[in-house]
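As structure tokens, the structure follows; a few thoughts come after it.
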Amino acid sequence: MAIQISGPDEAEVAWTIEVPATDRLALDRAGLDGELTAAVATVRARDGGRCRLWIGHVAPGDDESAGRWGFVPYRDLWQLRRALPAPAADLAVRPFEPGDAAAVLALNARAFSWHPEQGAMTLEDLRTRQSEPWYDPAGFLLHEREGRLAGFCWTKVHKGDGSPPADVPIGEIYVIAVDPDYQGRGIGTPLTLAGLAHLHSRGPTTGMLYVESDNSAANAVYERLGFRRHHTNRAYVADL
């Protein structure tokens, strides 16, 4: 089964069904419908409940397929891409060090207080991500002003998401955050460029990031930086 099922839990939904972008690209319409049928049956056999469905690299007709089970779309996550190298930026940054964890988590919570997942990152979450094979502290860039952390840009180098050519590494702006106290001071753009420069130094010739479709301010910045939408990951919800 290409679809991944997680739950039950006590969050905003009891279950999550996910069709990763790589698997979605490999499925035709009948294949997707068959996977959804099996996944819904599995959740219902486990007593059902509120369920979120994520479809990566959503395609025409996916809304109809999801709608057969009562799933209603409510959130679009865009993947944006641009060619590397990007213009250089003159911003002082340094790599993450173990003693920075508390400051990073505090800034992350403030910057993403509105975000349904990122804003709740804990020390355990941070350490789990930093234990992943892709983690590189040199690519976790911190910018300080007035003796405190003002922003950070966490980068990631990984394989493509199944889009041709699938085996070419892509550099990702994994998380970028500016403390609300420092927003409007021209930090976000050069911090993004610093992250892209680091990614290009590691080999990728394409940079990417994910952004909420309704985050107009961020999308305006990324468009000015040359990012363009590559595909959409869509979330749906239903009571199963």
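The values are calculated or read from the model by the stated rules, or taken from the named source; none is laboratory data. Keep in mind that this is a model prediction, so the values were computed, not measured. All Cβ positions, even for glycine, are placed from backbone atoms using ideal geometry, and neighbour counts span all protein chains on display. Only protein heavy atoms, including side chains, enter the accessible area calculation; ligands, DNA and RNA are left aside. Shrake-Rupley method; radii C 1.70, N 1.55, O 1.52, S 1.80 Å.
Taking the range 42-83, which residues are under 15 Å from Gly7 (Cβ atoms) and of a type in the set (Lys, Arg)? Passing the criteria: Arg44, Arg46, Arg50, Arg52.
Taking the residues in the range 14-39 that are aliphatic (A, V, I, L, M) and either modelled with pLDDT under 90 or open to solvent by 20 Å² or more (accessible area, probe 1.4 Å) (or both) as candidates, determine which candidate is nearest to the chain's Cα centre (by Cα). Quick ask: steps written out before the conclusion?
Start the filter on the range 14-39 by keeping residues that are aliphatic (A, V, I, L, M), which leaves 14, 17, 19, 21, 25-27, 30, 32, 36, 38-39.
Then drop every residue that is not either modelled with pLDDT under 90 or open to solvent by 20 Å² or more (accessible area, probe 1.4 Å) (or both), which leaves 14, 21, 25-27, 30, 38.
Numbers: Ala14: 21, Ala21: 12, Leu25: 18, Ala26: 21, Leu27: 22, Ala30: 28, Ala38: 27 Å.
Here the residue is Ala21.
Scanning the range 69-86 for residues that are farther than 26 Å from Ile170 by Cβ and acidic (Asp, Glu) gives no hits.
When you go through Ala103, Ala59, Ala45 one by one, which is the residue that is loosely packed, with under 15 Cβ neighbours inside 10 Å, more than 22 Å from Leu196 (Cα to Cα) and not β-branched (Val, Ile, Thr)? The unique qualifying residue is Ala45. Being among the basic types (Lys, Arg), at pLDDT below 95 and crowded, with 20+ Cβ neighbours inside 10 Å is a property that does not hold for Arg52.
Tell me, which helices (runs of 4 or more DSSP H) wholly within the range 1-102 include 1 or more residues that are closer than 30 Å to Gly151 by Cβ? The qualifying helices (runs of 4 or more DSSP H) are 21-26.
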